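Note sheet for the following structure.
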C-alpha cells in the first residue's frame with residue numbers, strides 16, 4: 001500500500017500531525033505540502049488531505065486541490081483531517097466537497113496548538129492584547145490520529 005498525505009499548514013501544526021500520522025500508517029507514505037510540487041495521484045492507493053483552520057477557513061490551496069482532483073480522489077481510499085483549536089465538525093464539512101466526504105473512510109479533528117513564537121508580530125499582538133491569550137497551548141489529539149490511521153490501515 002502506498003499512501004500520500006497532502007497537507008497545508010500555516011504555522012507548522014498540520015505538518016507535525018501529518019508526520020505523526022505517517023508513523024502510524026502501514027506501507028510507504030509520502031508527505032506533500034500543497035504549496036510545493038505534488039506527486040501524481042495515480043502512484044498512490046490512499047490519499048489523505050489535511051489542513052488547518054485560520055479565521056474559520058481551511059487554506060484555499062488545499063480546498064482547490066480537493067475540488068480540482070475530485071474525480072481522481074473518488075477512485076482512491078481517502079481520509080481527511082483538520083487541525084484547529086476548536087472542536088467544530090462543521091470545519092470539515094465546510095472545507096471539503098460533500099462527495100469527497102461521503103467517500104472518505106475517516107474524517108477526524110486532530111486538535112491544534114498555538115505556539116506564540118511562530119506567529120508574526122501583528123498576530124501575536126492580537127492574541128495577547130485583544131484575545132487575552134498569554135501562553136500558547138498544545139491540544140493535539142493523538143487518539144484521533146490513531147483512529148484515522150487504523151481506518152486507513154484496514155484492507
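Spherically averaged projected area of the convex hull of Cα atoms, the chain: 8.8 nm². The slack in the chain from residue 86 to residue 99, taken as 0.36 nm per residue of separation less the alpha-carbon distance, amounts to 2.2 nm.
The alpha carbon radius of gyration of region 40-115, expressed as a multiple of 2.2 N^0.38 Å, is 1.07. In the chain, the longest principal axis of the Cα atoms and the axis of helix 142-153 are about 10 degrees apart. Shape class of region 1-69 from the alpha-carbon gyration tensor: oblate, with a/c at 1.5 or above and b/c at least as large as a/b. Quote the FRET efficiency, to the nearest 0.05, computed for residue 139 versus residue 41 with a Förster distance R0 of 30 Å and r equal to the Cβ-Cβ distance. Efficiency, rounded to the nearest 0.05: 0.40.
The C-alpha atoms of the chain define a longest principal axis, and helix 13-24 lies at about 40 degrees to it. Helix content alone sets the calculated 222 nm mean residue ellipticity of the chain: runs of n ≥ 4 DSSP H residues at -39500 (n - 2.57) each, divided across all residues, give -9000 deg cm²/dmol. Taking every C-alpha pair closer than 8 Å and separated by at least 6 residues, the mean separation divided by the residue count of the chain gives a relative contact order of 23 percent.
Under the criterion of Cα pairs below 8 Å and six or more residues apart, the relative contact order for region 45-85 equals 63 percent. Full extension of the chain between residue 10 and residue 28 yields a length gain of 3.9 nm, computed as 0.36 nm times the residue separation minus the alpha carbon distance. Summarising the strand pairing of region 1-108, around 10 percent of its internal DSSP beta bridges are antiparallel. A simple spin-label model places the labels of residue 64 and residue 153 3.6 nm from each other, with each point 7 Å out along Cα-to-Cβ.
Readers should treat all values here as calculations from the given coordinates under stated rules, not as data from a laboratory. Keep in mind it's a predicted model, so treat the numbers as computed, not measured. Heads up, the Cβs are rebuilt from the backbone with ideal geometry, glycines too, and the neighbour counts pull from every protein chain shown.
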